[in-house]
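Here the structure comes first, spelled out in structure tokens, and everything after it is commentary.
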Amino acid sequence: MRIVIKVGTSTLAHDTGLLNIKRVENMCKVISDLKNAGNEIVIVSSGAIGMGLGKLGITKKDNDIPTKQAAAAIGQCELMYTYDKLFSEYNHTVAQILMTGAYVTIEDYGKNLNNTLFKLLELGVIPIINENDTVTTDEIVIGDNDTLGATIANTVKADLLILLSDIDGLFTGDPRVDKNAKRIDVVEEITEEIEKLAEDRGSILGTGGMITKIKAAKIVTENGIDMVIANGKNPEIMYDIIKGKGVCTRFIGRKIKASPRGEAITEE
């Protein structure tokens, strides 16, 4: 399988912004094992701002944009150092790609991005992608690395997009305040009702929420790619996810095939 894994800040760091060493080490071990099994892996990683703020000793979320940009510059160094060190222990090479929206909206940039990504996968490298928060501020304000993950999944024609966050999936209510909220195991179609469930509940250091995850699901499922929302606190859940199991919410990609008359038919 070709799998895109989006890692949220809450998976990478403690609430202080400092690295959650045990969890990140385990995550890199699991991803390395999945790659050893023959899967191709692309990582879309948040965390640069959070780790930078933690390293600076700044824990409040309401910092101004220049502070967050400076924190991203600091945190990105630590983030890639950590990934390089941990994946090297399992004999895997990583590559850093920092991008902005222009990389997918401008034809030449998009072509160059495609060429680089596919060549890295051909070489057996694990691309690690993040929004370039030092020079662009849209993602800082909106918190949309989930959509970036979906865009990359479409770009590399992935089989599966996994969003690792701080929640077990999509619930009928906010499980942090509603004891009767139940997790939805499978979403076969993103209806208005599903979208209404996506209240914007961001974590302490991250800026995204369920709204951006539903947006990502719409992007990939329309291209026949399954997407999963799962809790990154236990990275070993990825073993179950690729088998179609696990505590998570799975959004089913709609497969498109041609009819005998050449018309497009949606296959669930």
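No value in this document is a laboratory result; all are computed from the given coordinates. Since we're looking at a predicted model, the values are computed, not measured. Cβ placement follows ideal geometry from the backbone for every residue including glycine, while neighbour counts extend to all protein chains displayed.
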Give me, ordered by chain and number, the residues 5 or more places off ILE167 or on other chains with an amide H under 5 Å from its own placed amide H.
GLY232
Per-residue Cβ neighbour rank within 10 angstrom, fewest leading, ARG250, ARG183
ARG183, ARG250
